[in-house]
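Each remark here refers to the structure printed beneath this line.
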Amino acid sequence: MSGRRLITNLKGLFTPDPETPWGTHTVLDAALAIQDNRIAWVGPRNEVPRAWQGAEPIDGKGRWATPGFVDPHTHLLFGGDRSQEFNRRLHGVTYAELAAAGGGIRETMRATRLATVAELVAIGESRLAKLARKGVVHIEAKTGYGLELETESRLLEAYAELKRRGWSLDVTLMPAHDLPQEFAGDPDRYIQVVADEWQPELVGRFPGVARFCDVFVEKGVFTADHGRQVLESGRKLGLTPRLHADEFCHTGGAELAAEMGAASADHLMFCSETGMKAMAAAGVTPILLPATTLFLGMRDFAPARKMIEAGCRVALASDFNPGSCACLDPLLILRLGCLQLRMTFEEAFTAMTLHAARSLGREDLGHLHPGALGKVALWEVNHPLELVYWMGETYLPEIINLA
Ligand code: NIG
Ligand code: FE
């Protein structure tokens with residue numbers, strides 16, 4: 001019976017409950033039925049409906065099934081790396097000092113401007129393959145290391161090719177990631193060019209490739225007014241706003257995200273309580289990036305508990321990028337979520353699946369309930385909690401991808 005598959009012999013199944021903000025379901029000795037590319041039934045093996053008993057079986061080999069991870073904030077494509085800068089940070093130079101001296105994002109911009117589309121595609125495939133091996137089934141990926149029209153365009157072209165090759169990703173336009181030297185001292189002019197000229201041009205060149213737009217609102221980079229200008233232009237082009245907000249100090253980023261009805265506000269290490277309430281009321285997903293806090297050597301992990309108490313559906317992401325988070329490991333994010341953001345295991349797992357997917361408008365990812373896409377991770381553990389508990393262990397799940 002082609003198109004009808006039954007995963008059986010599962011030690012258990014663990015999934016967020018899409019009907020509640022933080023509920024999860026655990027089914028022991030479980031089975032899971034997939035019709036074409038969607039989950040059709042989930043439950044205990046001894047209750048598999050008759051109609052499913054003849055379906056083509058997939059042997060779960062006594063493992064645990066969970067939804068694959070969704071990473072809703074990456075800077076996937078860039079040229080070069082910043083390992084030498086990283087070493088200078090270890091010798092005491094700060095991230096801000098490196099950036100002020102023309103390094104940082106602009107260092108990566110120079111390497112990215114030299115990369116061809118074919119090189120960017122190859123880099124992207126190798127990084128996506130690493131993420132997939134570790135259980136990530138869908139990501140968000142930003143442009144933003146071009147800081148000029150033609151390189152931003154090549155980044156978008158490379159993302160379009162990765163999508164054509166079947167990688168599951170949502171693309172975010174982010175030319176306002178930093179101020180390039182061509183516009184030194186004139187951020188107003190740069191923002192005007194991004195908002196009025198580049199965004200419309202890029203959307204016109206690659207219709208339907210980008211779904212979101214983003215901007216780095218931060219002291220010394222772009223103001224909330226700049227952010228508003230970029231996001232409003234994006235919205236007119238059909239892009240949904242996301243926002244880099246309150247990363248190094250409080251700039252009112254969370255409040256701006258709420259005002260703009262953004263899908264997410266990301267970083268938020270210095271988010272105000274007013275900002276949290278505003279995000280909860282506006283349905284903005286706070287996306288927390290604890291591996292960035294760690295990699296920057298900072299202690300100010302984002303106030304996840306306060307956000308959850310304020311009614312926010314918090315998500316977790318990697319922020320994979322060459323400067324502030326050279327990390328392609330979802331389990332490190334999960335572990336930091338539990339150990340530094342003080343989330344429970346169930347909350348952190350939900351934040352990396354259900355809420356991550358929802359921040360991308362993907363209701364059919366991040367859970368294993370009927371209707372979800374058939375992307376299932378099979379883990380060789382006694383219980384999924386071990387993914388955090390055995391803290392230094394490497395776990396490579398098998399991904400059943402019938403979507
Ligand atoms: O999300 N905050 C801005 N952008 C990145 C850092 C990029 C870089 O250092 O290359 C971030 O942390
Ligand atoms: Fe980022």
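Every read-out reported here was derived from the displayed coordinates using simple, explicitly stated rules and does not represent laboratory data. Just so it is clear, the model here is predicted, and its values are computed rather than measured. Note that each Cβ is placed from the backbone with ideal geometry, even for glycine, and that neighbours are counted across all protein chains shown.
When you restrict to C-alpha pairs under 8 Å that are six or more residues apart and normalise by the size of the chain, the relative contact order lands at 20 percent. Stokes-Einstein diffusion of the range 120-263 at 10 °C, 1.306 mPa s viscosity, Kirkwood radius from Cα pairs, rounded to a whole number: 102 µm²/s.
Only alpha carbons enter this Debye calculation for the range 271-398, each as an equal point scatterer, and the log10 of I(q)/I(0) it gives at q = 0.09, 0.12, 0.18 Å⁻¹ is -0.26, -0.47, -1.05.
When +1 charges are put on Lys and Arg Cβ atoms and -1 charges on Asp and Glu Cβ atoms, the dipole computed for the range 69-359 relative to its Cα centre reaches about 860 debye. Whole angstrom only: what separates the Cα centroid of the range 33-82 from the Cα centroid of the range 96-137? Rounded to whole Å, the Cα centres lie 29 Å apart. Cross-link reach is defined here as a Cα-Cα straight distance under 22 Å, omitting same-chain residues fewer than 8 places apart; for LYS11 the lysines meeting it are LYS61, LYS134, LYS375.
Tell me the mean residue ellipticity at 222 nm calculated for the chain from its helices only (DSSP H runs of n ≥ 4, each -39500 (n - 2.57), averaged over every residue, nearest 500).
-9500 deg cm²/dmol
The radius of gyration of the Cα set in the range 203-321, together with its Dmax, comes out at 13.8, 43 angstrom. How much net charge surrounds LEU32 when only the other residues with a Cβ under 11 Å from the Cβ of LEU32 are counted, with Lys and Arg +1 and Asp and Glu -1? Taking every Cβ under 11 Å from that of LEU32, the sum is +2. Among PRO384, LEU396, PHE320, flag the residue with its Cα farthest along the positive direction of the charge dipole of the range 266-402, charges on Cβ as +1 for Lys/Arg and -1 for Asp/Glu. Comparing the listed Cα positions along the dipole, PHE320 ranks first.
One Cα centroid belongs to the range 269-327, the other to the range 334-403; the line between them spans 18 Å. Where does helix 273-282 land angle-wise versus the long Cα axis of the chain, in degrees 0 to 90, nearest 10? Between helix and principal axis, roughly 60 degrees. In terms of the mean number of neighbouring beta-carbon atoms within 10 Å, the peptides 334-347, 84-97, 125-138, 17-30 order highest first as 334-347, 125-138, 17-30, 84-97.
Between ASN382 and LEU90, the contour length at 0.36 nm per residue exceeds the alpha carbon distance by 101.3 nm. Full extension of the chain segment joining ARG113 with THR394 gains 97.7 nm, where the gain is 0.36 nm per residue of separation less the Cα-Cα distance. Candidate cross-link partners of LYS219 among the lysines, defined by an alpha-carbon separation under 22 Å and a same-chain spacing of 8 or more, comprise LYS142.
For the chain, the alpha carbon convex hull comes to 127 Å³ per residue, rounded to a whole number.
Simple spin-label estimate for GLU56 and GLU259 gives 5.5 nm between the two label positions (7 Å along the Cα-to-Cβ direction from each Cα). Extending 7 Å from the Cα toward the beta-carbon at both SER126 and ASP188 defines two label points whose distance is 4.4 nm. Take the convex hull of the alpha carbons in the range 1-106; its mean projected area over all directions comes to 11.7 nm².
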